[in-house]
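In what follows, a structure is listed as structure tokens, so that the remarks can point back to it.
Laboratory data are not the source of any read-out in this text; all were calculated from the coordinates shown. Bear in mind the structure is a predicted one, so any value in this text is a computation, not a measurement. For neighbour counting, all protein chains shown are included, and Cβ atoms are generated from backbone atoms with ideal geometry for every residue, glycine included.
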Amino acid sequence: MDQPDLNNMGPEEIEALQKQNCVFCHISDGKVPAKKVYEDDICIGLLDINPASAGHILLMPREHHTVMFQVPDSILEHLYIIAKGLSKAQLKALQTKGTTIFAANGTAAGQRAPHFMLHVIPRAPDDKVGIYIPSRALPESEAKKIIEAISEGMGKKKTSNLGTGIKKEHKKVEEKVEREKEKVVDAEIVEEKEEVEEGAVEEEGSELDRITELLSGKKDGGSK
Ligand SMILES: [Zn+2]
């Protein structure tokens, strides 16, 4: 069989060829069996056949993308929300003590599959799962250069709708926190009032009596 000549192929043809040779695309299409733990229209979660720890999940988009920056924002957003759910399920159902979630972009980062995925790994103390992050010194001048370069890189993405969904989620969370806060404040007021009332029984004629009266709207204090 002729080897395909990549130099004479357009980006769409190359993508089709990658898809054709990608085992994860075949899993997505149901042509290759896999140990699925979760699936929906956008993504699939599989048990890694050679896991870092029991319950190690590979969470991948159904669409073929090689590295993270090629994945559309909406899909990435969905993947991270599902990763959050899987991580929570691991903690609860497998009684793991923690989870590590990471993506390897490029072979330099240890990427092995040509199909982008998130790893969701259950963790336990001393489990010997080696994700070693060294701790080095960073000279001031170098830090300054890096900050400038990255800020410039991010500035070029101003037209992107990056984060609109996240903002929506944040707003929902903020609203929920506000509602919870109100409940707490209400509960505190009730508690305070109860405490005051209890105290008033024990210490008749005290400061607490006056507070109780104020709270109950009686001004003259002649309720005894
Ligand atoms: Zn693929």
Checklist outcome for this item: Protection proxy (average C-beta count within 10 Å per residue), highest first, orders 56-63, 83-90 as 56-63, 83-90
Checklist entry - How far apart, in nm, are the 7 Å Cα→Cβ label points at Ile101 and Gln20? => result 3.6 nm
Checklist entry - For the pair Lys84 and Ser135, how long in nm is the line joining their label points, each one 7 Å along Cα→Cβ? => result 2.9 nm
Checklist entry - Treating the beta-carbon of each Lys and Arg as +1 and of each Asp and Glu as -1, no other charges, what is the dipole magnitude of segment 41-146 about its Cα centre, to the nearest 20 debye? => result 280 debye
Checklist entry - Taking 0.36 nm per intervening residue step and subtracting the Cα-Cα distance, what contour gain separates Ala149 from Lys176 on full extension? => result 6.0 nm
Checklist entry - Percent relative contact order of segment 22-106, based on C-alpha pairs within less than 8 angstrom and at least six residues apart? => result 19 percent
